[in-house]
Amino acid sequence: MSGGGIAVDGLTKRYGTVTAVDGLTFEVEPGVVTGFLGPNGAGKTTTLRMLLGLVTPTAGRALIDGHRYAELSEPRRAVGAVLEATGFHPGRRGRDHLRILASAAGIPYARVDEVLERVGLTDAANRRVGGYSLGMRQRLGLASALLGDPRVLVLDEPANGLDPAGMAELRALLGELAAENRTVLMSSHVLSEVAQTVDRVVIVAGGTLRYAGPLADLTHAKGETLEAAFLRLTAPPKTPGTGTAATVPTRS
């Protein structure tokens, strides 16, 4: 795999008797946008948290540029992540939030204005975050992720709360970042938007891998839309002899 990629190998997480992630193995290459898809409870968030060192795997490993997150010497410069558009102090201005992060990471303040412009938040930079819409908080989270100019971006539902214009801008930005040979991994439930944004997809359900590869190969193979392919791959197994779906335990 090229430098700066993500490698997940046999990744497993159990909580008591519940297996949230079960032997996941896939790679995310630089230079393309990869969608990380799955129904609720599929294990996506748990996988991303293990990748970012927030949850300890039961087995297997998740590597960023060949290293576990905890082994990265300058994590904010290596990987930028947005897991949720919360955690911002409501009384703090957007620019000040980024300056605090920059100071903690040893990043020049000049970079703050660069990322504010890149995510389209310059005009709102001096407003207090408590007055931001969900879409604006998403933009601020993305600016935080870009602050260290990382080679790897991990984005959980970055389109949540964006209006159509915001989604189009996000789509263009992610394409630009991939064109700079960065690794971009994004999860989303908005399959229509994913179909316009990503080059490759990783689909999980029940904590297991269902597909990893080019989007075109998935949709062209059976002449399906991404939604149709997603529903087919993530459908619970049918109960033998009944033609009905078996009940599958929910996994986080």
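The values are calculated or read from the model by the stated rules, or taken from the named source; none is laboratory data. Just so we're clear, the structure is a prediction, and the values are computed from it rather than from any experiment. Every residue, glycine as well, gets a Cβ built from its backbone with ideal geometry; the counts of neighbours run over all protein chains shown.
General remarks:
- Number of the condition not met by T208 [criteria: (1) of a type in the set (S, T, Y); (2) within 14 Å of the chain's Cα centre (by Cα); (3) modelled with pLDDT of 95 or more]: (2)
- Residue, farthest from N40 (Cα to Cα), within the range 126-164, restricted to residues that are out of contact with any strand residue (DSSP E or B) (no Cβ under 9 Å at 6 or more places or on another chain) and hydroxyl-bearing (S, T, Y): Y132
- Selection count where residues are out of contact with any helix residue (DSSP H, G or I) (no Cβ under 9 Å at 6 or more places or on another chain) and either among the aliphatic types (A, V, I, L, M) or free of Cβ contacts under 8 Å to residues at least 40 places away in the same chain (or both), scope the range 137-167: 2
- Filtering the range 35-42 for residues that are modelled with pLDDT of 95 or more and under 18 Å from L63 (Cβ atoms) leaves a non-empty set.
- Considered as a group, the residues in the range 109-128 that are surrounded by fewer than 13 Cβ atoms within 10 Å (Cβ to Cβ) and touching a helix residue (DSSP H, G or I) at 6+ places or on another chain (Cβ under 7 Å) include one that is nearest to D149 (Cα to Cα), and that residue is Y109.
- Where a residue in the range 191-207 is within 16 Å of G38 (Cβ to Cβ) and touching a residue at least 60 places away in the same chain (Cβ under 8 Å) and its partner, wherever it lies, is aromatic (F, W, Y) and part of a strand (DSSP E or B), with Cβ under 7 Å and at least six apart: V201/Y211; V202/F26; V202/F36; I203/Y211
- Considering only residues in the range 197-224 that are out of contact with any strand residue (DSSP E or B) (no Cβ under 8 Å at 6 or more places or on another chain) and either charged (D, E, K, R) or surrounded by 13 or more Cβ atoms within 10 Å (Cβ to Cβ) (or both), the one that is nearest to A42 (Cα to Cα) turns out to be A205.
- Some residue of the range 163-180 being surrounded by 14 or more Cβ atoms within 10 Å (Cβ to Cβ), out of contact with any Cys (no Cβ under 7 Å at 6 or more places or on another chain) and at positive phi: no
- Matching residues in the range 110-127 - criterion: being of a type in the set (A, V, I, L, M, F, W, C) and closer than 20 Å to A172 by Cα: V115, L116, V119, L121
- From T47, T25, T19, T12, residue being in contact (Cβ under 8 Å) with a residue 24 or more places away in the chain, hydroxyl-bearing (S, T, Y) and buried (at least 23 other Cβ atoms within 10 Å of the Cβ): T47
- A62 vs. criteria under 22 Å from the mean Cα position of the chain (by Cα) and surrounded by fewer than 20 Cβ atoms within 10 Å (Cβ to Cβ): no
- Restricting the range 1-17 to residues that are touching a Gly at 6+ places or on another chain (Cβ under 9 Å) and of a type in the set (A, V, I, L, M) leaves a set whose member that is modelled with the lowest pLDDT is M1.
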